[in-house]
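*Asks:* Could you have a look at this structure, given as structure tokens, before my questions?
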Amino acid sequence: MAVLSDEERRRCWARIMRDIAWRAWPSDLPKSDLRAAVNAVDDWAESNAASYNSALPAAYRTTATADQKALLLAAVLMRRAGRFDTEEDE
Amino acid sequence: MASGAVMPLSGPIPPATSAADLSSFDGGSTPAEQIPVWLFDASGAEYLDFRGRLENYGGGGLTLRIPWSADATGSVTVQWEAAFRRVADDAEDLDASHTYDFNVSSVTVATVAGEVDYATVTFSDGTDMDSLADGEVFILRVRRNPAGTDTMSGDAELHADWVTLIET
């Protein structure tokens, strides 16, 4: 899985502001700083992809695709941030 | 009519596309107030329309007062813009397109998150307000323009029922 292109990062940044921002975000943060954070997270994900992969249990590591491994990480982090609701939460 | 006269407005009316979203949050009193707001996104231009008419207009130009808030403090700014569509008697086909010529107001967020700031957009008499004349009706379009001087990454909260149009 390659690092995001500049346009992909821009779209990610726009989607964050559009769908996540209201009263759950450090709105004091200027847009440019938020964009820099998007870039930094994408760079960090690229730099630490091997380390993350090594941390996965062998069964998942050898079975899942790169996209599936990324989705797993996203799901866990979203849950930690209170943004991944489940039926059991109701 | 004298400066300070308030022109009647109705709405808001979200346009067919790229409209701000209606939401609400709780105030801090007991029982908590329900605060309705229209949310203007930080990444793409979003709009809200009002309908109104000029009554006893004396030619002094107009000032639009836009009460807005945000969950933010500091030096971040929002670019509010507004424009008129004159609906003159037997002259304006509402089925036809109109080019809204926006006036701009770039404002800094209020001192404390949750405080309401009174942004103003001013219009000179004449073409600056689409040549609106006394007694005529109009559409007033408000938008947040996320380009240019707009730096706030969060939603701008417009308190639409407090929007006021005043003769300058």
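The numbers here are math on the coordinates, done by the rules we state, and not lab data. Only a predicted model underlies this, so the values are computations on that prediction, with no experimental measurement involved. Please note: Cβ atoms are built from the backbone with ideal geometry, for glycine as well, and neighbour counts cover all protein chains shown.
*Asks:* Can you give the convex hull volume of the alpha carbon atoms of segment B:76-168 per residue, in Å³?
*Replies:* Once divided by residue count, the hull of segment B:76-168 is 124 Å³.
*Asks:* Pop out the ³J(HN,Hα) list for segment B:111-121 in order, Karplus 6.51 cos²θ - 1.76 cosθ + 1.60 with θ = phi - 60°, rounded to Hz; leave Gly and Pro as x.
*Replies:* 4, 10, 4, x, 6, 9, 9, 9, 7, 10, 10
*Asks:* Could you list B:MET7, A:MET17 in order of exposure, starting from the residue whose Cβ has the fewest other Cβ atoms within 10 Å?
*Replies:* B:MET7, A:MET17
*Asks:* Using only Cα atoms and rounding to the nearest 10 degrees, what angle (0 to 90) does helix A:6-19 make with the longest principal axis of chain A?
*Replies:* Here the helix axis deviates by roughly 70 degrees.
*Asks:* Under a point-charge model restricted to the Cβ atoms of Lys and Arg (+1) and Asp and Glu (-1), what is the dipole moment magnitude of segment B:33-78 relative to its Cα centre, in debye to the nearest 20?
*Replies:* 260
*Asks:* Note down the relative contact order for chain A as a percent, whole number, built from C-alpha pairs under 8 angstrom at least six residues apart.
*Replies:* 29
*Asks:* Then there's this: Tell me, B:MET152, B:MET129 in order of fewest to most beta-carbon neighbours within 10 Å?
*Replies:* Ordered from fewest to most neighbouring Cβ atoms within 10 Å, B:MET152, B:MET129 come out as B:MET129, B:MET152.
*Asks:* Mind giving me the nanometre distance, one decimal, between the label points for B:ASP90 and A:VAL41, set 7 Å out from Cα along Cα→Cβ?
*Replies:* Placing both labels 7 Å beyond Cα along the Cβ direction yields 6.0 nm.
*Asks:* Further question: Using unit Cβ charges (K, R positive; D, E negative) and no other charged atoms, how large, in debye to the nearest 20, is the dipole of chain A about its Cα centre?
*Replies:* Dipole size: approximately 180 debye.
*Asks:* Work out from phi, with θ = phi - 60° and the Karplus expression 6.51 cos²θ - 1.76 cosθ + 1.60, the ³J(HN,Hα) of each residue of segment B:90-107, listed in order in whole Hz, and give x for Gly and Pro.
*Replies:* 6, 9, 10, 8, 5, 6, 8, 6, 10, 8, 7, 9, 7, 9, 10, 9, 9, 10
*Asks:* Once you order the gyration tensor axes a ≥ b ≥ c over the Cα atoms, which shape class does segment B:1-54 get: rounded for a/c under 1.5, otherwise prolate or oblate by comparing a/b with b/c?
*Replies:* oblate
*Asks:* Enumerate by residue number the GluC sites (Glu not before Pro) in segment B:49-123 meeting two conditions: DSSP loop (anything except H, G, I, E, B), and at most 12 other Cβ atoms within 10 Å of the site's Cβ.
*Replies:* Answer in residue order: B:GLU115.
*Asks:* Return the single residue from A:ALA59, A:ALA70, A:ALA50 with maximal mean-square fluctuation; model: Gaussian network over chain A, springs between Cα atoms under 10 Å.
*Replies:* In this elastic network of chain A, the residue with the biggest mean-square fluctuation among A:ALA59, A:ALA70, A:ALA50 is A:ALA59.
*Asks:* Sticking with this one: How large is the Kirkwood hydrodynamic radius of the protein assembly as shown, counting all unique pairs of alpha carbons, in Å?
*Replies:* Kirkwood radius, the protein assembly as shown: 21.0 Å.
*Asks:* I've got another one for you. On a C-alpha basis, how far is the centre of segment B:112-168 from the centre of segment A:58-83 in Å? Whole number, if you could?
*Replies:* Here the two parts' Cα centres lie 45 Å apart.
*Asks:* Let me ask another. Give me the angle, in degrees from 0 to 90, between the Cα long axis of helix A:66-80 and the longest principal axis of the Cα atoms of chain A, rounded to the nearest 10.
*Replies:* The angle comes out at about 60 degrees.
*Asks:* Still on this structure, I have one more. Magnitude of the Cβ-charge dipole of the protein assembly as shown, K/R +1 and D/E -1, about the Cα centre, nearest 20 debye?
*Replies:* So the dipole magnitude of the protein assembly as shown works out to roughly 980 debye.
*Asks:* Kindly put B:SER10, B:SER106 in sequence by how many other C-beta atoms sit within 10 Å of each C-beta, fewest to most.
*Replies:* In increasing order of surrounding Cβ atoms, one gets B:SER10, B:SER106.
*Asks:* Which of the three applies to chain A, rounded, prolate or oblate, going by the alpha-carbon gyration tensor with a ≥ b ≥ c and a/c under 1.5 meaning rounded?
*Replies:* oblate
*Asks:* Among A:LEU77, A:SER54, A:VAL38, flag the residue with its Cα farthest along the positive direction of the charge dipole of chain A, charges on Cβ as +1 for Lys/Arg and -1 for Asp/Glu.
*Replies:* The residue sitting farthest along the positive end of the dipole is A:VAL38.
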